[in-house]
Amino acid sequence: ADFLARAGLQSPELRLLGNVAVGCSKLIPELIAMRLVDGVGRRPLLMTSSFLLTVTTFLMGVAFVQGWSPVVVIVLLCLIMASFSVGVGPFTFLCASENLALSERAWGMTMCAAANRCTSGLVALTAVSISEWLTDAGLFFLYGSAGLAALVFYCRVVPETSGATLEELAAARAQAAGNDDDGRGNEGDLLEPQPIGTFA
């Protein structure tokens, strides 16, 4: 609400409508992504989501620098939430669980959840202070830079697991570990970032 007020929405009613629009733009893309994830794949949705999130976050910074209209700010906020919800939001934990061995899954997912909650708390606690230090535009430029780093990570590290059962993924990891022990390869040979259909 503070960002909306500083963007020019002085009326509480308009800020409420803006928040409702942002909330709807988070829910609807998640429902669409649920229908697409098995057909399109996890990796393309994560990369598309991260790319759009990075672009729209940088544009939000530009909006505050240039003093764009409140309507544009609302549209950009909705696009940011939609970009997040089409991939990064709903599928981060899914990809993490599918890429962990059964013996590691409980501990690994606990660490993922803890890191997620700590990061969310850190953002909530520092957003106002950072915006006062760097201005609202600087805050969004900082977040956009973090989104760009995430996009590089998804492109270089995250493999495609669509179409594979957990048992098949576990077998692939076991085979990769066996090849590594024999000097014939390593886990990256089997679980490197791959296009859709690799496991089909």
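The values are calculated or read from the model by the stated rules, or taken from the named source; none is laboratory data. Bear in mind the structure is a predicted one, so any value in this text is a computation, not a measurement. Note: ideal-geometry Cβ built from the backbone for every residue, glycine included; neighbour counts use all protein chains shown. In case anyone asks, the SASA skips ligands and DNA or RNA and just uses the protein heavy atoms, side chains included. Shrake-Rupley method; radii C 1.70, N 1.55, O 1.52, S 1.80 Å.
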task: Hey, can you tell me all the residues within segment 147-193 that are modelled with pLDDT under 75, in contact with a Leu (Cβ under 9 Å, 6 or more places away or on another chain) and either under 24 Å from SER50 (Cβ atoms) or of a type in the set (Phe, Trp, Tyr) (or both)?
output: LEU191
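The rows are residues; the columns are (1) under 16 Å from the mean Cα position of the chain (by Cα); (2) of a type outside the set (Asp, Glu); (3) crowded, with 16+ Cβ neighbours inside 10 Å; (4) not in a helix (DSSP H, G or I).
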site	(1), (2), (3), (4)
SER103	no, yes, no, no
GLU132	no, no, no, no
THR135	no, yes, no, no
GLY147	yes, yes, yes, no
GLY163	no, yes, no, yes
message: For the list (1) surrounded by 13 or more Cβ atoms within 10 Å (Cβ to Cβ); (2) in contact with a Gly (Cβ under 9 Å, 6 or more places away or on another chain), I need the number of the one condition that PHE84 fails.
response: (2)
message: Condition check: in contact (Cβ under 8 Å) with a residue 12 or more places away in the chain, surrounded by fewer than 15 Cβ atoms within 10 Å (Cβ to Cβ) and either in contact with a helix residue (DSSP H, G or I) (Cβ under 8 Å, 6 or more places away or on another chain) or under 22 Å from GLU30 (Cα atoms) (or both). Does ASN99 satisfy that?
response: no
- request: Confirm whether THR110 is β-branched (Val, Ile, Thr) and closer than 17 Å to GLY87 by Cα.
  value: no
message: Which pairs turn up if I take residues in segment 111-130 that are over 17 Å from ALA146 (Cα atoms) and look for partners that are at pLDDT below 90 with beta carbon separation below 8 Å, at least 6 apart in sequence or on another chain?
response: CYS112/THR92; CYS112/PHE93; CYS112/ALA96; ALA113/PHE93; VAL128/ASP2
field: Pair list, Cβ < 9 Å and 6+ apart or interchain, from segment 13-26 residues that are under 17 Å from PHE84 (Cβ atoms) to residues that are β-branched (Val, Ile, Thr) and open to solvent by 70 Å² or more (accessible area, probe 1.4 Å)
entry: ALA21/VAL75
- prompt: Which residues, counting only those in segment 59-80, are open to solvent by 50 Å² or more (accessible area, probe 1.4 Å), free of Cβ contacts under 8 Å to residues at least 40 places away in the same chain and closer than 22 Å to CYS24 by Cα?
  reply: LEU59, VAL71, VAL72, VAL75
